[in-house]
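In what follows, a single structure is set out as structure tokens and then discussed.
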Amino acid sequence: MKLPVKCPSCEKALQVSQLKCSHCETVVNGNYDLPLYMKLTNEEQDFILSFFLTSGSIKAMAKQAGVSYPTMRNKMDDLIEKIQKLKK
């Protein structure tokens, strides 16, 4: 199960407020932003992992997914644009 990143009521971004060690039970409290990668959908995370595992070959990713290179390139461009917006 993926960590929720949006509020189920208002759709605004959630923040991490507590972390707990399962070994010694230490608890850390505060307001922490989620890492950028965690703000992406499961599909977007899988896309990045696939890109990494194909050594950055969009051609290989397109072949594995059974889509054209331009289609895969468009998906890449859309994800790049989303990441750039999240970084601001």
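Farthest towards the positive end of the charge dipole of the chain, among the residues 41, 58, 16, is the Cα of 58, using unit charges on the Cβ of Lys, Arg, Asp and Glu. When the pairs 20/88; 63/87; 39/59; 6/88 are compared against a 22 Å limit on Cα-Cα distance, 20/88; 63/87; 39/59 fall above it. Region 36-87 gives an Rg/Rh value of 0.96, both radii derived from C-alpha positions and Rh following Kirkwood.
Highest average first, the peptides 8-16, 56-64 ordered by how many other beta carbon atoms sit within 10 Å of their residues are 56-64, 8-16. When a/c is below 1.5 the answer is rounded, else prolate if a/b is larger than b/c, else oblate, so apply that to the chain with a ≥ b ≥ c taken from the square roots of the Cα gyration tensor eigenvalues. Prolate shape, in that a/c is at least 1.5 and a/b is the bigger ratio. What do you get for chymotrypsin sites (Phe, Trp or Tyr not before Pro) in region 15-88 restricted to DSSP loop and a cutoff of at most 15 other Cβ within 10 Å of the site's Cβ? Passing both the DSSP loop test and the Cβ count: no residue. Given a Förster distance of 25 angstrom, what is the FRET efficiency for residue 53 paired with residue 74, based on the Cβ-Cβ distance and rounded to 0.05? Working from the Cβ atoms, E equals 0.80.
Every number in this text was worked out from the coordinates using simple rules, so none of it is lab data. Computed from a predicted model, the values in this text were never measured in an experiment. In this analysis, Cβ positions are derived from the backbone assuming ideal geometry, glycine residues included, and neighbour counts consider all displayed protein chains.
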